[in-house]
Amino acid sequence: SHFGSSAQYFHCFEPCLVALQPARSRMAAMWTSKLGNRFPREEIERHDAERHRMLERLRRDPRNASCAECGEGGTCWASVSLGVFVCLRCADVHRALGTHVSKVKGCTGTYLWGPDEIAQMQRLGNAAAQAKYVGSDCSAARPGPNASKEERVELCRKKYEQLLWAPRHPPSEASPSVAQALPSSAQASQSAVDGVVQSASKARVRKDTGASSSAVCAASTAPADINWDTMFADFDSAAARASVSTLCAKMQQQAAAPPAPSPCSLAHSSPASLDDFLGQCLARPEPPIATGAPHMPAAIPAVGPLARSGSDS
């Protein structure tokens, strides 16, 4: 071969192997928890006694003193992934579920415990797991005293894998608690929405005003205290004539006063009199009459009698 002998071959790659030894030693010194997190093994071993004392305190809690599955005492095992303390018999049942459902380990000193696993057991525990998986009534998920291992495994599958007894709260029940927890935020959000709606309404009004300036002018010059229904109900009555007279007087006063700035002030720089307006309306040519149709006089605008009634007063 090119290197001549195996000794020469090893001598060539010896520096590479020496360089890889620290990396391999570092990899071997790492410890992986049941939750998949990696820690320096030296640190885990140094805090092992302290963490087992924490486990002992958790096990003495009345809520964790009984097995999460069968209810018996002696919770010397725990499912780290589910966060529950179980007895020796139910730990074997959890092993049969598979590690994708439950990952168990002993609590009496045989196993090393990581900080993430201790935090998981502190965060959950038997009481929180019961509220999550079975609710307040756990009788249906309890195995009988003479239940076989297969029956216990089936109950655990229904409980943790199929979530058969997990309480299902409607979303409407969670909404009030959120509103009560953040009342100021809800009020601020509602105020912001109201402000946006008001701004959009004002912008729409300004747009409509610019598009139809003549309609705005007509609405701004007409008095607001005139009862139009009463005036046109019986046009020949004395009350109607009085209303028309009042209208004409107010319009003349507004025409004589300096015009207020309005969107249509440029379009109508000088106020037009009522007589000029009526003259323009009467001077319009009549539309052509179709052949054979009876000749009908042109309709006089309804505002014409208003002017005459005003002149008669």
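Here are some notes:
- The set of residues in segment 86-145 that are among the basic types (Lys, Arg) and closer than 30 Å to His169 by Cβ comprises Lys103, Arg123, Lys132, Arg142.
- Only one entry of Leu82, Leu124, Leu112 meets the criterion of being under 18 Å from Glu154 (Cα atoms) and among the aliphatic types (A, V, I, L, M), and that entry is Leu82.
- Meets criteria (farther than 25 Å from Pro40 by Cα, open to solvent by 50 Å² or more (accessible area, probe 1.4 Å) and at pLDDT 95 or above) for Glu151: yes
- Matching residues, segment 95-131, being touching a Leu at 6+ places or on another chain (Cβ under 8 Å) and either assigned to a helix (DSSP H, G or I) or exposed (fewer than 14 other Cβ atoms within 10 Å of the Cβ) (or both): Asp116, Glu117, Ile118, Gln120, Met121, Gln122, Gly125, Ala129
- Screening His52 against (1) out of contact with any Cys (no Cβ under 8 Å at 6 or more places or on another chain); (2) more than 30 Å from Ser148 (Cβ to Cβ); (3) surrounded by 16 or more Cβ atoms within 10 Å (Cβ to Cβ) leaves a single unmet condition, (1).
- Residue count for segment 112-146, restricted to those that are of a type in the set (Asp, Glu) and either within 17 Å of Val86 (Cβ to Cβ) or free of Cβ contacts under 8 Å to residues at least 40 places away in the same chain (or both): 2.
The values are calculated or read from the model by the stated rules, or taken from the named source; none is laboratory data. Fair warning: this is a prediction, and the values are worked out from it, not measured in the lab. Please note: Cβ atoms are built from the backbone with ideal geometry, for glycine as well, and neighbour counts cover all protein chains shown. Quick note on the areas: whole protein, heavy atoms, side chains included, nothing else; ligands and nucleic acids left out. Shrake-Rupley method; radii C 1.70, N 1.55, O 1.52, S 1.80 Å.
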